[in-house]
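Accompanying notes for the structure given below.
Every number here is computed from the coordinates shown, using simple stated rules; none is lab data. Because the structure is a prediction, the values reported are computed rather than measured. For neighbour counting, all protein chains shown are included, and Cβ atoms are generated from backbone atoms with ideal geometry for every residue, glycine included.
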Amino acid sequence: MEKHVSPNVIQKWLTAWSLSRELPLPTNFKSGYKVDVGYEQQKARYVFSELNDDFIQLSETINETWVFLKVCASPEEVKNKISAKWVIQPQGYLMSCVSPMNIQVNLPNGYEMEFDNYNSTTLVKIRTKNGELASAGRMVIVDDLAVYDRITTEENHKRNGLATFLIQELERIAISKNVYKNFLVATEQGKLLYQSLGWKVCGLYTSVVIPL
């Protein structure tokens with residue numbers, strides 16, 4: 001596993017994340033970036049490509065709840081550098097893939113696909129024939145990077161290959177725009193799916209927050 005993901009890639013990913021979620025674009029904060037998220041349980045997020053003095057000093061100055069600090073480092077490294085007021089969140093994984101992915105699947109019977117675009121984001125939804133949402137995912141292209149975000153499948157439609165098909169369609173769109181570098185941050189569960197499609201873990205992504 002690579003030890004370092006470049007600040008340039010992190011900035012592109014965070015820009016895409018903000019566009020996908022229709023939030024303000026990230027701004028520079030010392031050696032990292034800040035997004036004013038504005039959610040009740042995520043007021044803001046600070047993201048750093050490495051665990052450094054800027055991250056540590058910021059952790060010492062914040063006492064407000066629901067402000068997230070995120071860094072490309074292991075939870076063990078982070079825990080040793082911050083105070084006990086911070087709670088480490090479920091593990092994230094920085095993942096990358098160079099097209100083509102290891103995918104060749106068809107849309108299962110009984111489903112249909114629809115496309116939408118907003119805010120530089122391509123949104124693909126898979127619905128049943130009666131209109132019930134079964135799966136959805138987004139992809140944003142920032143320069144030479146295709147960023148995948150919020151790939152979800154409803155519980156009663158899982159294990160039908162919908163997420164795999166959806167990712168295949170998003171990749172097809174990226175390739176049509178001559179973009180072959182893919183990037184995302186996965187959960188523990190999502191990591192297994194992406195690895196089966198040819199993605200590689202290129203770093204750990206650790207989040208901490210002061211909850212109520």
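Rounded to the nearest 500, what is the 222 nm mean residue ellipticity of the chain from helices alone, with -39500 (n - 2.57) per DSSP H run of 4+ residues and division by all residues?
Rounded to the nearest 500, the figure is -7500 deg cm²/dmol.
If one computes P(r) from the Cα atoms of the stretch 78-136, what percent of pairs lie at distances over 15 Å? Could you put the intermediate results ahead of the total?
Numbers: 1243 of 1711 pairs.
Pairs farther apart than 15 Å: 73 percent.
Where does each of 162-170, 149-157, 200-208, 93-101 land if you order them by average Cβ count within 10 Å, highest first?
Per-residue mean Cβ counts within 10 Å order the peptides as 162-170, 200-208, 93-101, 149-157.
Using 22 Å as the Cα-Cα cut-off, could you pick out the over-long pairs in 12/70; 85/200; 81/181; 70/125; 12/81? Walk me through the numbers on the way to the answer.
Working: 12/70 15 Å; 85/200 33 Å; 81/181 33 Å; 70/125 29 Å; 12/81 27 Å.
As for pairs spanning more than 22 Å Cα to Cα, those are 85/200; 81/181; 70/125; 12/81.
Taking every pair of alpha-carbon atoms in the stretch 116-184, what share in percent sits in each 5 Å bin, from 0 to the bin with the longest distance?
4, 17, 29, 23, 15, 8, 4, 0
Charges at C-beta only: +1 for Lys and Arg, -1 for Asp and Glu. How large is the resulting dipole of the chain about its Cα centre, in Debye rounded to 20?
Computed about the Cα centre, the dipole is about 200 debye.
What's the extension gain from residue 176 to residue 64 if we count 0.36 nm per residue and subtract their Cα-Cα distance?
35.9 nm
If you line up the Cα atoms of the chain on their principal axes, what length do they span on each, largest first, in Å?
Here the Cα extents, ordered largest to smallest, are 54, 33, 29 Å.
Less than 18 Å apart at the alpha-carbon level, and either on another chain or at least 8 residues along: which aspartates and glutamates does that give for residue 191?
2, 149, 154, 155, 171
Under 1.5 on a/c is rounded, so check that first for the stretch 150-212, then, if it is not, pick prolate when a/b is larger than b/c and oblate when it is not; a ≥ b ≥ c are the square roots of the alpha carbon gyration tensor eigenvalues.
Oblate is the answer for the stretch 150-212, as a/c is 1.5 or above yet b/c matches or exceeds a/b.
May I ask you to compute the full-extension gain from residue 159 to residue 104, defined as 0.36 nm times their residue separation minus their alpha-carbon distance, rounded to one decimal in nm?
18.2 nm
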